[in-house]
Amino acid sequence: MKAKEYLQQLQRLDTVINQKIKEVHDLRLQAQSTGGLDYSKERVQSSPSGDAPFVKPICRIIDLEAEINAEIDKFIDEKHKIINQIQSLKNSDYISLLFKRYVEFKKFETIAVEMNFTYQYVLNMHGYALKEFESAYKM
């Protein structure tokens with residue numbers, strides 16, 4: 001695995017967590033809606049059908065929340081590890097650049113403005129920073 005792919009795992013984990021949180025939100029809305037009844041059709045008596053329609057979404061919510069908590073724990077551990085690895089580099093500009101890009105998920109344009117460098121210089125420096133990271137961690 002190259003340094004860039006390794007560092008991008010934080011953003012991937014963040015995306016997965018956010019998507020699961022949205023799914024839980026959608027399931028909560030689904031579980032809270034009662035649905036409608038159609039009184040225009042002929043009435044037929046039937047036996048109870050078992051589980052209420054909101055039981056499945058609630059079970060899924062519980063499972064998803066457990067998955068989210070596990071993903072958050074993994075994210076926190078990886079983030080701490082990656083921050084320490086970035087901060088162990090010798091060049092302070094590389095540290096700042098990699099932190100902004102891979103921990104704060106900032107775009108190169110934003111990083112260039114914040115660091116008071118040109119966009120092209122930031123792109124070039126990013127390449128050198130990744131090479132230093134790779135050599136420091138034998139990737």
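Quick look at the values:
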read-out: Sites matching chymotrypsin sites (Phe, Trp or Tyr not before Pro) across the stretch 47-139 that sit in DSSP coil, with at most 13 neighbouring C-beta atoms within 10 Å; value: Phe105, Tyr137
read-out: Residue-span extension gain [Asp63 to Ser92] - 0.36 nm each, minus C-alpha spacing; value: 6.2 nm
read-out: Neighbour-count ranking [beta-carbon atoms within 10 angstrom, fewest first] of Thr15, Thr110; value: Thr15, Thr110
read-out: Rough spin-label spacing in nm, given labels placed 7 Å along Cα→Cβ, for Thr118 and His80; value: 4.2 nm
read-out: Rounded FRET efficiency, nearest 0.05, which uses the C-beta distance separating Arg28 from Glu104 and R0 of 30 Å; value: 0.50
read-out: Least to most buried among Val55, Val103 (fewest other Cβ within 10 Å first); value: Val55, Val103
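No lab work stands behind these numbers, since they all come straight from the coordinates. Every value quoted in this text rests on a predicted model; they were computed, and no experiment measured them. Methodologically, a virtual Cβ is constructed for each residue, glycine included, from the backbone with ideal geometry; neighbour enumeration extends over all protein chains shown.
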